[in-house]
Amino acid sequence: MAMDPLEVRNLIPLAGRYIHMNHAGVSPMSLRVAASIEQVVGAAVNRPYPAGWAHDEADRVRGLVAQLINGPSDSIALTRSTAHGISLLAQGLDWKQGDNVVGARGEYPANVYPWMAQAAKGVELRQVQPQGGRILPEQVFALVDARTRVVALSHVEFWNGFRVDIEAIGAECRRREILFAVDVMQSAGALRVDVGRMPIDFCAAGAGKWLMGPPGIGFCYCVPDLLKRLQPPIVGVCSVVGYDRYFEYDLTLAPTARRFEESVISILDTAALGAALELLLEVGLDAIEARVLSLSARLAEGLAGRGYELVEPWPRARAESSGIVSFRKPGGRAREVLRDLEAAHVVARTHQDFVRLSPNFYNTEEEIDRVLEVLAPEVAAT
Ligand SMILES: Cc1ncc(COP(=O)(O)O)c(C=O)c1O
């Protein structure tokens, strides 16, 4: 039976002391994740290393990622970060001088620098300028031409929480035989990322945000056809077909995404990511998405109703929404708003001149209302 989303509060000690609404930044650690790390440490201290331990754990956790994104586990590699995952694609393609990539302004650097780094190979990065906070398919395809190899966007933009239309952009990319790479850092764990259904060729995320795992580990997914064409920039004992035949020195790359894992992944991080994913899967991905969207809508509408200026696009449709709500206080400074929130034990953060709140499924309606009360005491008092 699925776990009640609010039961998870009992597993997050920080939820008892803070109104934690910075899941787009770094999530609090659950007791499940902590226990998984302690278990690994306990085992490592008390017995010799069992052969294949880290490999078996990585296999298990790739399987959990596969459940998260509804894709085959052979197409999933464990990574250190989103940027690591995206770099595997950016570095691994057979670029030709004059190729280009279409991205957007406002993207997090993890989905910009790996593409900029291809400039030396004659690859140009073109960036859509969001309009009214939106990145629309027609703007993307206005920059696409015959030399476009990749469209690289975030599922959810980290600054304003706008959710791009993955289906429309991905379908058009498929029609034009352009790769669609998606940074799912601000969606995976909060909103459904379903590579079985969505036209995504490659996606990547780190664990420290909505997955509620530790920062320092992540995953990438690569559609099987593309996988075989990507040359890993880093290779080692685990990259090859015969990874247990050390003395053959046969650099035949694994046909699976294991070609991207040059050696063992930190077993502490792997176990922690596994525990984090198990918790999300126990609650249920659809239930999580429904709560994230309903809490962020309550927050955004509450802020708008109290005269705060929502960072565009606003108003926004449910399909454009996410767990992120960014806003400005008219005539006020973001730092001051953050200070008021922090004084009330609300965990938030600022970017540029706005404040960003990002509630997760285990936050409560009462916590949202409390945040609104802190932000507009005079309104709450009437
Ligand atoms: C959209 C997005 N992508 C990626 C990241 C993090 O990138 P990395 O995992 O490479 O540190 C963030 C962090 O804020 C983000 O918002």
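The values are calculated or read from the model by the stated rules, or taken from the named source; none is laboratory data. Since this is a predicted model, take the numbers as computed values, not measurements. FYI the Cβ positions are ideal-geometry reconstructions off the backbone, even for glycines, and counts take in every protein chain you see. Surface areas here come from the heavy atoms of the whole protein model, side chains and all, with no ligands, DNA or RNA. Shrake-Rupley method; radii C 1.70, N 1.55, O 1.52, S 1.80 Å.
The condition of being at pLDDT 95 or above, open to solvent by 20 Å² or more (accessible area, probe 1.4 Å), in the same structural domain as Ile37 (by TED's automatic domain parsing) and not in a helix (DSSP H, G or I) holds for Glu262.
Let's see how each residue does on (1) within 16 Å of the ligand (Cβ to nearest atom); (2) open to solvent by less than 20 Å² (accessible area, probe 1.4 Å); (3) in contact (Cβ under 8 Å) with a residue 12 or more places away in the chain; (4) of a type in the set (A, V, I, L, M):
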residue	(1), (2), (3), (4)
Leu6	no, no, yes, yes
Gly42	no, no, no, no
His84	yes, no, yes, no
Ser87	yes, no, yes, no
Gly92	no, yes, yes, no
Trp95	no, no, yes, no
Gly98	no, no, yes, no
Gly103	yes, yes, yes, no
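The residues listed here are Glu282, Glu366; of these, the one that is open to solvent by 50 Å² or more (accessible area, probe 1.4 Å) and under 30 Å from Gly63 (Cβ atoms) is Glu282. Against the test of being touching a Gly at 6+ places or on another chain (Cβ under 8 Å) and of a type in the set (Asp, Glu), the options Glu177, Glu167, Glu157, Glu172 yield a single qualifying residue, Glu157. You will find that of Pro255, Pro315, the residue that is surrounded by fewer than 17 Cβ atoms within 10 Å (Cβ to Cβ), part of a loop (DSSP other than H, G, I, E, B) and in the same structural domain as Val41 (by TED's automatic domain parsing) is Pro255 and no other. Scanning the range 105-126 for residues that are surrounded by 14 or more Cβ atoms within 10 Å (Cβ to Cβ) and within 15 Å of the ligand (Cβ to nearest atom) gives Gly106, Glu107, Tyr108, Ala110, Asn111, Val112, Tyr113, Pro114, Trp115, Met116, Ala117. Scan Asp183, Asp201 and give me the residue that is surrounded by fewer than 23 Cβ atoms within 10 Å (Cβ to Cβ) and touching a residue at least 24 places away in the same chain (Cβ under 8 Å). Sole residue among the options that is surrounded by fewer than 23 Cβ atoms within 10 Å (Cβ to Cβ) and touching a residue at least 24 places away in the same chain (Cβ under 8 Å): Asp201. A count restricted to the range 61-82 and to residues that are part of a helix (DSSP H, G or I) and either open to solvent by 50 Å² or more (accessible area, probe 1.4 Å) or without any contact (Cβ under 8 Å) to a residue 24 or more places away in the chain (or both) stands at 5.
Ala58 fulfils the conditions (1) over 30 Å from Val371 (Cβ atoms); (2) hydrophobic (A, V, I, L, M, F, W, C); (3) open to solvent by less than 20 Å² (accessible area, probe 1.4 Å); (4) under 17 Å from the mean Cα position of the chain (by Cα) except for a single criterion, (4).
Quick one: is Gly196 open to solvent by less than 10 Å² (accessible area, probe 1.4 Å), out of contact with any strand residue (DSSP E or B) (no Cβ under 8 Å at 6 or more places or on another chain) and either aromatic (Phe, Trp, Tyr) or not in a strand (DSSP E or B) (or both)? The answer is no for Gly196. Within the range 142-152, is even one residue basic (Lys, Arg) and either within 17 Å of Ser321 (Cβ to Cβ) or assigned to a helix (DSSP H, G or I) (or both)? No, because not a single residue in the range 142-152 is basic (Lys, Arg) and either within 17 Å of Ser321 (Cβ to Cβ) or assigned to a helix (DSSP H, G or I) (or both).
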